[in-house]
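Encoded as structure tokens, the structure appears first; notes follow it.
The values are calculated or read from the model by the stated rules, or taken from the named source; none is laboratory data. Small disclaimer: the values here were computed from a predicted structure and weren't measured. Neighbour counts are summed over all protein chains in view; Cβ atoms, including those assigned to glycine, are modelled from backbone coordinates with ideal geometry. To get the accessible areas, we keep the full protein, side chains included, count just its heavy atoms, and leave off ligands, DNA and RNA. Shrake-Rupley method; radii C 1.70, N 1.55, O 1.52, S 1.80 Å.
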Number of protein chains: 2
Amino acid sequence: MKALPYEKIALGHGSGGRLMHELIRGLLLKKFNNPILKELSDSAVFALPGRLAFTTDSFVVSPLFFSGADIGKLAVCGTINDLVMSGAVPEYLSLGLIAEEGLDYRVLERVVNSLALYARKSRVYFVTGDFKVVEKGACDKLFINISGIGRLVKGRRLCARRIQPLDKVIITGNIGQHGLAVLAGRKGMDLGFSIRSDCAALDDLLLPLVQNTQAIKFMRDPTRGGVATTLNEIVQACGLGVIIDERKVPVSNKVKAAAELLGIDPLYIANEGVAILVVGPKSASSVVRRLRKHPLGRCAREIGVITKKPTAGVIINTILGTQRILGMLTEEPLPRIC
Amino acid sequence: MKALPYEKIALGHGSGGRLMHELIRGLLLKKFNNPILKELSDSAVFALPGRLAFTTDSFVVSPLFFSGADIGKLAVCGTINDLVMSGAVPEYLSLGLIAEEGLDYRVLERVVNSLALYARKSRVYFVTGDFKVVEKGACDKLFINISGIGRLVKGRRLCARRIQPLDKVIITGNIGQHGLAVLAGRKGMDLGFSIRSDCAALDDLLLPLVQNTQAIKFMRDPTRGGVATTLNEIVQACGLGVIIDERKVPVSNKVKAAAELLGIDPLYIANEGVAILVVGPKSASSVVRRLRKHPLGRCAREIGVITKKPTAGVIINTILGTQRILGMLTEEPLPRIC
């Protein structure tokens, strides 16, 4: 077994001094090796012509490791997905780490390995970063912030204002997996079976559709707040309504069972590898067909239709044959899910 | 007195649901009002031609408010300074907030006011953001991450490789103020007199020098680790040495007294409104003269000279007339200083 350079993260690792430089060169620079980062200057320097997308997300998920992903994979995929939702090809990432004094070095190393792996998979580069350490008890193990910059696909403008009545709403995969996987990973939680997070970068699934077709008018990934909240955001942004069909919303049997057990509606559970697309009525079936050819889009389905502004924003035709209003998430059933 | 929308920050404010949308619209969008942010899409979208600088920093300073600044001012100025050090005009910022459940809403509001004020002063815009809440005890009040994008001044390339023997080292102001101001703000610390943080955005002081002259070869702000550590970073990056003259390093009498009392060398204390410049030998005196015309550069001084690589990287001629090696910071005398 290789000897560890340190057993635990100490305050000195965030001091700006010798220990921090050792950690940066010994771990971060090695794993994220690229010519821009190697300069170790105050800012990364590069040129990116065209229109850019810029996004940021902090990740405070607990536990750090759970079925199907960990905070590192989640952070990279979450940031990539925010860029992809804007129709942008992800290019460069920043990394802000806040670690608790006493954090096991192996935990940090595992997370950094994961950050590096999923960045490499999507051909994005960590070009600038910051490492802080706070005293024991001042944060819970490890928080990550990633900001990302991408280049918008030329000639495409994904925008809620383009949405029109009769447009179709498509979802790219099974919902509710991520929130329940994180919950199941918490101490004292045992659902009796395992649910894997859907956490995944959606660049490979969605960017070819953006690049090669004009079909997609708008995309958003239903993370915190789930599908229900994201649909409310969409109708607020476009000033229209939407009717979705509960029977068509793809939910695995495991998620159905677990959600019932916990008294949570899967429509309000966070997802990390699923997107909601709004497409013109004529494009819907071909978009679903294309999505299904990709492993991440196998369960893609058309789930609803955009309507003229009704009194309520989001209407759901339930499995029971009734109709009800689907509001935004109003409480916090699952804190620290991402 | 105006009624507060909330007394305390709750987990629901970070849920992605209704409460979070209320907070974003009621506070953040109002204070950071700009057309890009108003879109509230997954990413901010804009075009920035030319070469760009991209940087990130997390801020975990404790206490949140201290003499001369607060975490909000510090975060904006710190990010702006990182961009300025690369010779870039700051343009767009992202904001990642991690709040502890139960945080007083007025604290958040004060910090957001400060973020907005100092962004406005430097004509930079918060165009994208993220708000997370963790349960009580999982973080200490409030952490902030800001990433920033700037445009490099055309025709300038600030770069350690341009540094040559006989180049002069200039410091733009008194050192040690920030670290001691934060320390003095901590519970149970009473120095008997007040030291104000030097926290300031250096765009107005330094960008005209970059834009109008070719004098500056390299800049870095001596934050964590202080002047001593930054000088070590500079000589490591350029492969040369430096000799500085302790008598010339500008330190206020208050900082001298407090540092002596605490047994800390001011050369290792963090600064947040001071930069170290490396300039050609012929430009040094004119650069110092120009700096001194600006309120933030009144105490600017030439403090040393670049040398051919000596055995040790940074040499200091001390007040006592002796010479010693000035190493990097090796411990953490003042955690959570930024």
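Rounded, prolate or oblate: which fits the stretch B:190-231, taking a ≥ b ≥ c as square roots of the Cα gyration tensor eigenvalues, rounded meaning a/c under 1.5, else prolate when a/b beats b/c? Oblate shape, in that a/c is at least 1.5 and b/c is the bigger or equal ratio.
Pair-distance distribution P(r) for the stretch B:178-334, from all Cα-Cα distances in 5 Å bins starting at 0: 2, 8, 17, 21, 21, 16, 10, 4, 1, 0 percent. Beta-bridge orientation, the stretch A:187-330: approximately 75 percent antiparallel, per DSSP, counting only bridges with both partners inside. Listed by chain and number, the aspartates and glutamates whose C-alpha is less than 19 Å from the C-alpha of B:K217, apart from same-chain residues fewer than 8 away, are A:E39, A:D42, B:D82, B:D167, B:D203, B:D204, B:E233, B:E302.
Figure the gain on full extension for A:R123 and A:E22 (residue separation times 0.36 nm, minus the Cα-Cα span) and round it to one decimal in nm.
So the chain would gain 33.7 nm between A:R123 and A:E22.
Think of the stretch B:215-338 as having a plus end and a minus end, set by charges on the Cβ of Lys, Arg, Asp and Glu; of B:I316, B:V255, B:G280, B:G280 sits farthest toward the positive end of this dipole. Relative contact order of the stretch A:166-260, taken over Cα pairs closer than 8 Å and 6 or more residues apart, is 39 percent. Centroid-to-centroid, using Cα positions, the stretch A:280-329 and the stretch A:80-123 are 31 Å apart. Shown here is the pair-distance distribution of the stretch A:6-61: with all Cα-Cα distances grouped in 5 Å bins from zero up to the longest one, the shares run 4, 14, 16, 18, 22, 14, 7, 4, 1, 0 percent.
What the phi angles of the stretch A:12-27 give under the Karplus curve with 6.51, -1.76 and 1.60, with θ = phi - 60°, is a coupling list of x, 5, x, 7, x, x, 4, 4, 5, 4, 4, 5, 5, 6, x, 10 Hz, glycine and proline written as x. Out of every Cα pair in the stretch B:279-331, what percent are spaced more than 17 Å from each other? Of the Cα pairs, 56 percent sit more than 17 Å apart. Put a plus charge on the Cβ of each Lys and Arg, a minus charge on the Cβ of each Asp and Glu, and nothing anywhere else: the dipole of the stretch A:287-338 about its Cα centre is then about 460 debye. Every Cα-Cα pair in chain B was counted, and those over 39 Å apart are 17% of them.
Remind me, relative contact order of the stretch A:44-184 in percent, using alpha carbon pairs under 8 angstrom and six or more residues apart?
On the way: 218 pairs, mean separation 55.0, N = 141.
After rounding, I find 39 percent.
Counts of other chain beta carbons within 10 angstrom of each beta carbon in peptide A:236-243 average 1. Using the Cα coordinates of the stretch B:92-223, the gyration tensor eigenvalues translate into equivalent-ellipsoid semi-axes of 33, 22, 13 Å, sorted from longest to shortest.
Ranked from largest to smallest solvent-accessible area, with a 1.4 Å probe on the protein heavy atoms, A:Y268, A:Y125 come out as A:Y125, A:Y268.
Which value, in nm² and rounded to one decimal, describes the direction-averaged projected area of the C-alpha convex hull of the stretch A:20-97?
6.6 nm²
When the pairs A:K8/A:K31; A:K30/B:K141; B:K73/B:K282; A:K31/B:K308; A:K132/B:K38; A:K73/B:K8 are compared against a 24 Å limit on Cα-Cα distance, A:K30/B:K141; B:K73/B:K282; A:K31/B:K308; A:K132/B:K38; A:K73/B:K8 fall above it. Ranked from largest, the principal axis spans of the Cα set of the stretch A:234-280 equal 36, 21, 18 Å.
Measuring nothing but how far apart in sequence close Cα pairs (under 8 Å, 6+ apart) lie, relative to its length, the stretch B:249-338 scores a relative contact order of 21 percent.
Cα centroids of the stretch B:34-58 and the stretch B:1-25: 25 Å apart.
On the beta carbon distance between A:N317 and B:R186, with R0 = 51 Å, the FRET formula returns roughly 0.30. Starting from the label point of B:N317 at 7 Å along Cα→Cβ, the same points in the other copies fall at 8.7 nm, in ascending order. Computed over the stretch A:118-173, the Cα gyration tensor eigenvalues convert (square root of 5λ each) into semi-axes of 37, 18, 12 Å, ordered from largest to smallest.
Rounded to 0.05, the FRET efficiency of the A:L4 and B:C159 pair, given R0 = 41 Å and the Cβ-Cβ distance, is 0.70.
Amide H contacts of B:V89 (H built 1.01 Å from N, in plane; Pro and chain starts excluded): B:R151, B:L152, B:V153 sit under 5 Å, all sequence-distant by 5 or more or on other chains. Couplings for the stretch A:236-251, taken from phi via the Karplus curve 6.51 cos²θ - 1.76 cosθ + 1.60 with θ = phi - 60°, read 5, 6, 9, x, 10, x, 8, 10, 10, 10, 4, 4, 8, 5, x, 9 Hz in order; Gly and Pro are left as x. Once the Cβ-Cβ distance of B:A257 and A:R289 is raised to the sixth power relative to R0 = 60 Å, the FRET efficiency obtained is 0.20.
Using a 7 Å projection from Cα along Cα-to-Cβ, the label point at A:P295 is separated from the same position in the remaining copies by 6.0 nm, smallest value first.
Charge tally around A:G304: other residues with Cβ under 9 Å, Lys/Arg +1 each, Asp/Glu -1 each, net 0.
Remark: the stretch B:314-331, residue by residue, has Karplus-estimated 3J(HN,Hα) of 10, 10, 10, 7, 7, 4, 6, x, 9, 10, 9, 7, 9, x, 5, 4, 10, 10 Hz, where x stands for each Gly or Pro and the curve is 6.51 cos²θ - 1.76 cosθ + 1.60 at θ = phi - 60°.
Rg/Rh for the stretch A:1-160 (Cα atoms only, Rh after Kirkwood) is 0.99. Taking a sphere under 14 Å around the Cβ of B:T322 and counting the other residues whose Cβ falls inside, with K and R at +1 and D and E at -1, yields a net charge of 0.
Compute the whole-percent fraction of alpha carbon pairs in the protein assembly as shown spaced more than 41 Å apart.
Percent of Cα pairs beyond 41 Å in the protein assembly as shown: 28.
Shape index of the stretch B:204-287: Rg/Rh, with Rg the Cα radius of gyration and Rh the Kirkwood radius from the inverse mean 1/r over Cα pairs, equals 0.99.
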